[in-house]
1. Once phi is turned into ³J(HN,Hα) by the Karplus curve 6.51 cos²θ - 1.76 cosθ + 1.60 with θ = phi - 60°, what whole-Hz value does each residue of the stretch 74-80 show in order, with x for glycine and proline?
2. Provide the per-residue ³J(HN,Hα) series for the stretch 129-140, in order, calculated from phi with Karplus coefficients 6.51, -1.76, 1.60 and θ = phi - 60°, each as a whole number of Hz, with x at glycine and proline positions.
3. When the Cα centres of the stretch 122-138 and the stretch 195-240 are compared, how far apart do they sit, in Å?
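Here, each number is a calculation from the coordinates, and none is a lab measurement. Worth saying up front: this structure is predicted, and the values here are computed from it rather than measured.
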Amino acid sequence: MFAREVRILFGKEWCQLLRSRGAMLTALLLPVLLLVIIPGVQMLGLKSGAMKPVNLPPGVELPPGLRELAEDPVAMMRAMLVPFIALGGLIVPSATASYILITERESRTLELLVALPVRVGQILLAKLLALLALASAVTLVLFTVDAALILGLRVGSPGFVLALLLELLTSLAFSTTSALLVSLLARDFRTANNINGLFIGPIILVCFLAMVAVPGPTLTALLLSALFTVGAAVATFVALRVITFERLLR
C-alpha cells in the first residue's frame with residue numbers, strides 16, 4: 001500500500017490538487033456551510049432559547065426518529081446534525097475527484113503515467129489517498145468546531161459525537177471511492193458532475209429518511225456509517241476490477 005511508487009504518485013496528486021483553484025474552493029466553501037454555519041446557527045439559536053418544543057394536536061404521532069420533538073427542542077438539532085455531517089463527507093470528494101483525473105485526461109498527462117513502471121492499482125490508490133487526505137484535512141478540522149459546540153453547550157453526549165465522527169469518516173471513504181470511479185468512467189467534467197449529482201441525490205434522500213424513521217440520532221448515525229462502509233467496499237472492488245490502462249486513457 002505504501003510502496004515507493006504509491007508515495008511518489010501520491011505526492012504528484014497532492015500537488016496537483018493544491019494547484020487547482022476550483023478543487024480548493026469546492027473543498028473549503030461547501031464544508032464550511034454544511035459543517036459549521038448551519039449547525040452553528042442551530043446551536044446558537046438553541047442557546048438563546050429560540051427553539052421551542054413542538055406542539056402537536058391531540059392524537060397526532062410523529063415518526064420514530066422525531067418523537068422526541070414533542071418534549072425536547074434539542075432533539076431536532078441533534079437529528080438534523082446527522083444528515084448534515086453525512087453531506088459534508090459526501091460532497092467534498094465527489095466535487096474534487098474530477099479535478100485530479102479529468103484534467104489529466106484532457107491535458108494528456110495520463111499517457112505519461114502509462115509509460116511509467118507502475119500498475120493501475122497503484123495509480124488508483126494514490127488518487128484515492130490524495131482525495132481522502134484533502135477531504136479529511138478539511139472536514140475533520142471543521143468537525144472539531146461542531147464537537148466543541150455540542151459538548152460545550154451540552155446538547156449531545158460524547159457517544160453521540162463519536163457516532164457523528166464515525167459517520168463522517170465512512171461517508172468520506174464512500175464518497176472518495178465512488179466519486180473516483182465515476183470520474184474514471186466519465187469523459188468530461190459535465191458528465192462527471194451530472195453522474196455525481198444523480199448518484200448523490202438518492203443517498204441524501206436515504207440520509208433524511210433514516211433521520212425520520214430510525215429512533216435516535218446516535219443509532220441513525222451508526223446505521224448510515226454501516227451503509228457507507230459497505231458502499232465504499234463495493235466501489236473499491238468495482239474500480240479495481242473494471243479500470244484498466246485502456247479505460248483510463250479513453
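1. My calculation for the stretch 74-80 gives 6, 4, 5, 5, 5, 5, 6 Hz in order.
2. 5, 5, 4, 5, 5, 5, 5, 5, 4, 7, 6, 5
3. Centre-to-centre (Cα) distance: 20 Å.
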